[in-house]
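Inspection log for the structure reproduced underneath, given as structure tokens.
Derivation of every value follows stated rules applied to the coordinates shown; laboratory data play no part. It should be emphasised that the depicted structure is a prediction, and the values quoted were computed from it without experimental measurement. Backbone-built Cβ (ideal geometry, glycine too); neighbour counts: all protein chains shown.
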Amino acid sequence: MDWLRRESIRGEFERFVSDATPTLLRTGYYLTWDFAHAEDLLQEALLRTAKRWPVVRKMGHPRAYVRRILVNPALAEAGTRVREGNELEPDEFFDQLTDQGQEEAALRVEAQSDLLAALSKLPIRQQVVVVLRYLEDLSEAAVAVELGWPLGTVKSTTARALIHLQQVSATSQEASRDEPHVEVNEQ
Amino acid sequence: VTTRLEDELRAALRSGDVPRDAIERLTVFDYRPHRSTPSLRIAGALGVAMMVVVGIILVSVVSPGAQGAYASWSAVPTSAPPQQASSANAVCTHAVNKALAINTAIIGYAGTRGLWKPVVDDTRGSFILVLLTAPSGIGSTTDSAACLTGPGAFSDGRGGLTMNGGSAGLAPGKVSWGWGEGCPATGCNHGYVVATGPVGRGVTGVTFVLTNGMHVVATVADGHYAAWWPGKAHPVAGKVTTTKGTTTQTFPG
């Protein structure tokens with residue numbers, strides 16, 4: 001707790017929060033599909049990290065420490081969600097996607113929306129692995145360490161997720177080919 | 001095929017904007033651990049928020065009618081009947097475990113729940129500040145919790161409860177300085193300051209010198225110190241007594 005008295009360490013923590021928050025908030029969103037919930041989770045995670053900052057900073061991977069705090073509740077809550085039958089749907093996130101006013105860009109946005117919608121319907125363990133692998137750009141080995149899972153479990157979970165998402169991606173591409181061609185005239 | 005899909009996934013996961021206001025709130029939030037905010041989150045959820053503490057012993061900053069609540073407080077620790085200390089320890093251990101039982105899912109203290117033990121009883125008149133510690137689950141560090149018990153609002157464990165994390169062992173003769181304001185749920189106009197932390201081997205005494213000139217002697221036991229005082233005066237210096245003598249460390253304002 002005496003890190004409060006040391007400006008350099010305190011500044012280091014504040015820089016870490018500033019640098020890491022955008023990506024961690026995005027990660028939290030993909031674990032909950034709710035920005036308000038993600039914000040709450042991340043705030044709690046950062047509070048915990050602050051309490052242990054003198055120790056966490058020495059670990060060398062503070063972002064991994066926060067991520068783990070974020071991921072664990074998501075994994076723990078997964079069962080509850082299923083039991084309650086609450087289908088989690090990406091919602092406002094898609095509303096924020098920019099309408100670029102061009103056919104190609106619009107189709108790309110639509111394809112990304114389909115992909116994210118499919119991701120949100122995967123089992124939570126597959127979602128977590130996909131987010132860590134392709135948003136946080138962690139290797140399979142790093143994911144295994146971070147989640148405390150065997151490497152083989154990470155590989156098989158990733159593979160299952162990709163197989164499902166591949167089907168969605170292929171379907172989306174076929175649908176876009178079937179769409180009638182529309183001329184877009186920019187004013 | 002997988003590589004293309006992986007690229008699509010990377011792009012999709014990075015598409016769209018995260019809310020700027022959420023980022024702003026998260027980056028400006030005060031995460032400092034020894035202040036009242038984390039404690040109040042716990043206390044608020046429990047309904048055991050720190051109660052209004054009216055009056056302090058410093059006549060200059062309190063109303064005459066408020067003095068009574070802290071009339072028994074002293075700058076030097078006193079002794080408590082064994083039964084009172086035992087009761088305070090039990091009340092505080094229960095309060096901490098109850099707080100964590102409710103907040104484990106959010107705060108994530110599952111690893112330490114049930115393992116808390118009192119290490120320091122700092123008695124001042126009819127008040128006892130109990131410092132409890134538990135393994136943090138990370139290396140050999142410990143979490144700590146300070147719980148103020150006493151008459152009135154503090155009689156049943158509904159007094160101040162503050163949580164701190166991640167204290168590691170200290171070198172001989174060293175002190176980990178830390179303090180924070182106990183801010184009642186009903187407002188921060190009145191309150192107290194709690195100072196706790198670990199000490200290295202050989203430390204036999206810790207004294208705080210406050211901004212108002214008062215010297216508050218802490219209780220040192222079992223590798224930790226604990227002290228508290230009414231009001232908001234913060235320490236400007238700390239005195240450490242070891243077998244080799246007494247040294248003074250000043251704190252930046």
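Close amide H pairs (under 5 Å, H built 1.01 Å from N) link B:Arg124 with B:Thr78, B:Leu129, residues at least 5 positions away or on another chain. Computed from the Cβ-Cβ distance with R0 of 45 Å, the FRET efficiency linking B:Gln84 to B:Ala237 stands at 0.90. Hey, which of these cross-link pairs are over 29 Å Cα-Cα: A:Lys51/B:Lys244; A:Lys58/B:Lys117; A:Lys51/B:Lys174; A:Lys51/A:Lys155? Distance filter (> 29 Å) returns A:Lys51/B:Lys244; A:Lys51/A:Lys155. Amide hydrogen proximity for B:Val119: with H placed 1.01 Å from N in the peptide plane, the residues at 5 or more positions away or on another chain lying under 5 Å are B:Leu131, B:Leu132, B:Thr133.
Computed over the Cα atoms of segment B:188-253, what is the convex hull's projected area averaged over all directions, in nm²? Averaged projected area of segment B:188-253's Cα convex hull equals 4.7 nm².
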